[in-house]
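**Q** My structure is below; once you've seen it, I'll send some questions.
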Amino acid sequence: MYWTETKIRVRYGETDRMGYLYYGHYAEYFEVGRTEMLRSLGFSYKSMEDEGIILPVRSLSIQFRNPAHYDDLLTVKTCLKSFPEVRLEFLYEIVNEQGQLHCKGETVLVFVDAASRKVRKAPDYFKEAIRKYF
């Protein structure tokens, strides 16, 4: 497994009428965590797309625990759950500065050839970059 942590501050425009972080933004925060995890490994979504590889989300699940509020500083803990062959399985936890859990989640993404739109294997350079964590 490979874990990273990314800090995000809840912006006013992301809250609902109750003053809570709107539930749809948690999935966006997961995406920020994934993107920064890839960056920590030395590549980005953009570089993969430039090479003709796209990573669509196959599934998403979120279990909400406690609401986050405007101006909370959150930590998105992102885990690459298993060694990828054709898909990437991520786990997430979002906590505040006091360590209170706001939600847990999972996503599954698949490696897809951009031209053919067919599922493909993970590129070798990707597998080599994360092999040491599994």
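**Q** Working only within region 54-74, note down all residues that are buried (at least 17 other Cβ atoms within 10 Å of the Cβ) and either of a type in the set (D, E) or in contact with an Asp or Glu (Cβ under 6 Å, 6 or more places away or on another chain) (or both).
**A** D72
**Q** Of the residues A115, A122, A129, only one is surrounded by 12 or more Cβ atoms within 10 Å (Cβ to Cβ), modelled with pLDDT of 95 or more and not in a strand (DSSP E or B); which? Please lay out each step first, then the result.
**A** Working: A115 fails: surrounded by 12 or more Cβ atoms within 10 Å (Cβ to Cβ); A129 fails: modelled with pLDDT of 95 or more.
Answer to the selection: A122.
**Q** Looking only at region 9-26, count every residue that is out of contact with any Ser or Thr (no Cβ under 8 Å at 6 or more places or on another chain) and either in contact (Cβ under 8 Å) with a residue 60 or more places away in the chain or hydrophobic (A, V, I, L, M, F, W, C) (or both) and tell me the total. I'd like the intermediate steps shown before the answer.
**A** Pass one, region 9-26, residues out of contact with any Ser or Thr (no Cβ under 8 Å at 6 or more places or on another chain): 9-20, 23-26.
Now drop any that are not either in contact (Cβ under 8 Å) with a residue 60 or more places away in the chain or hydrophobic (A, V, I, L, M, F, W, C) (or both), which leaves 9-10, 18, 26.
Selection size over region 9-26: 4.
**Q** So, one more: Only one of V95, V86 is of a type outside the set (D, E) and under 27 Å from Y22 (Cβ atoms). Can you tell me which?
**A** None of the other options fit; the residue is V95.
**Q** Exactly one condition in (1) buried (at least 17 other Cβ atoms within 10 Å of the Cβ); (2) outside any strand (DSSP E or B) is not met by I94; state its number.
**A** Tallying (1) buried (at least 17 other Cβ atoms within 10 Å of the Cβ); (2) outside any strand (DSSP E or B), I94 fails exactly one: (2).
**Q** If I go through region 27-55 residue by residue, how many of them are outside any helix (DSSP H, G or I) and either over 12 Å from the mean Cα position of the chain (by Cα) or over 19 Å from K121 (Cβ atoms) (or both)?
**A** First, pick out the residues of region 27-55 that are outside any helix (DSSP H, G or I): 41-44, 51-55.
Next, only the ones that are either over 12 Å from the mean Cα position of the chain (by Cα) or over 19 Å from K121 (Cβ atoms) (or both) stay: 41-44, 51-54.
Total satisfying the criteria: 8.
**Q** Exactly one of these conditions fails for E106: (1) assigned to a loop (DSSP other than H, G, I, E, B); (2) in contact with a Phe, Trp or Tyr (Cβ under 8 Å, 6 or more places away or on another chain). Give me its number.
**A** (1)
**Q** Next question. Which residues, taken from region 56-79, are assigned to a strand (DSSP E or B) and of a type in the set (A, V, I, L, M)? Full working, then the answer.
**A** Start the filter on region 56-79 by keeping residues that are assigned to a strand (DSSP E or B), which leaves 57-64, 69, 73-79.
Scanning region 56-79 gives V57, L60, I62, L73, L74, V76.
**Q** Next question. If I go through region 28-46 residue by residue, how many of them are closer than 24 Å to N66 by Cα and in contact (Cβ under 8 Å) with a residue 60 or more places away in the chain?
**A** Summing the residues that are closer than 24 Å to N66 by Cα and in contact (Cβ under 8 Å) with a residue 60 or more places away in the chain in region 28-46 gives 3.
**Q** As an exercise: evaluate R17 against (1) in contact with a strand residue (DSSP E or B) (Cβ under 8 Å, 6 or more places away or on another chain); (2) surrounded by fewer than 14 Cβ atoms within 10 Å (Cβ to Cβ); (3) in a loop (DSSP other than H, G, I, E, B) and give the number of the one condition it does not meet.
**A** (1)
**Q** Are any residues in region 85-98 within 16 Å of T35 (Cα to Cα) and not acidic (D, E), and if so, which ones?
**A** So in region 85-98, the residues within 16 Å of T35 (Cα to Cα) come out as 87-94.
Hits for region 85-98 are R87, L88, F90, L91, Y92, I94.
**Q** Shifting gears a bit: So P84 fits all but one of (1) surrounded by fewer than 17 Cβ atoms within 10 Å (Cβ to Cβ); (2) closer than 23 Å to F134 by Cα; (3) modelled with pLDDT under 95; (4) not polar (S, T, N, Q); what number is the exception?
**A** The single condition P84 does not satisfy is (1).
**Q** Next question. Out of the residues in region 42-53 meeting the condition of being surrounded by fewer than 17 Cβ atoms within 10 Å (Cβ to Cβ) and not polar (S, T, N, Q), tell me which one is nearest to K132 (Cα to Cα). Spell out the reasoning first.
**A** The first filter runs over region 42-53 and keeps only residues surrounded by fewer than 17 Cβ atoms within 10 Å (Cβ to Cβ), leaving 42-47, 49-52.
Applying the additional criterion that residues be not polar (S, T, N, Q) yields 42-43, 45-46, 49-52.
Values: G42: 14, F43: 16, Y45: 21, K46: 24, E49: 24, D50: 26, E51: 24, G52: 26 Å.
The qualifying residue nearest to K132 (Cα to Cα) is G42.
The values are calculated or read from the model by the stated rules, or taken from the named source; none is laboratory data. Source: prediction; values computed, not measured. With ideal geometry, Cβ positions are generated from the backbone for all residues, glycine too; neighbour counts draw on all protein chains shown.
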